[in-house]
Amino acid sequence: MPMEFINQNILLIAVVVVSGLGLLWPLVMGGAKNEVSPAQATLLINREDAHVIDVREVDEFAAGHLPEARNVPLAKLADRISEIEKFKDKPVIVCCASGMRSAKASGELGKLGFAKVHSLAGGVDAWVGAGYPVKKGTRNK
């Protein structure tokens, strides 16, 4: 009897399984639990003195970055970790162009003991899209 039900309703069962996996995937993969919107990032910067780490390449950073951001390209993050270790117990916002590299970098920082690391959802593109200011140039804080 159960096999007959499965055979007659295989498409329905497949839809239920795929839907369930789609809902559980963010939980299993760690999801976007540490993402912050540009507005939330602004609150963290203003209220909790969050430090901003931009993991884009130097030329991308120079073209426009969040005010007071420190540029540490993702490819050099492990080599330059000593520069940002002092922020381990403070809020840190990691950003890139669209949020992909910053999500990876924030995961790496979390593994290295950074307690309050966040990834800027949508990256600098979302920051600019929300009308927030950017600075140009390569000066690191």
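Coordinate-derived values only; no laboratory data. Treat the numbers as computed from the prediction; the structure is a model and nothing was measured. Neighbour counts are summed over all protein chains in view; Cβ atoms, including those assigned to glycine, are modelled from backbone coordinates with ideal geometry.
Numbers at a glance
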read-out	value
The lone exception for D54 - which of (1) acidic (D, E); (2) in contact with a His (Cβ under 8 Å, 6 or more places away or on another chain); (3) loosely packed, with under 13 Cβ neighbours inside 10 Å it fails	(3)
Scope the stretch 44-75; condition closer than 18 Å to A105 by Cα and aliphatic (A, V, I, L, M); matching residues	A50, V52, I53, V55, V58, L66, A69, V72, L74, A75
Filter pass, V72 being touching a Cys at 6+ places or on another chain (Cβ under 7 Å) and either farther than 14 Å from R101 by Cα or surrounded by 11 or more Cβ atoms within 10 Å (Cβ to Cβ) (or both)	no
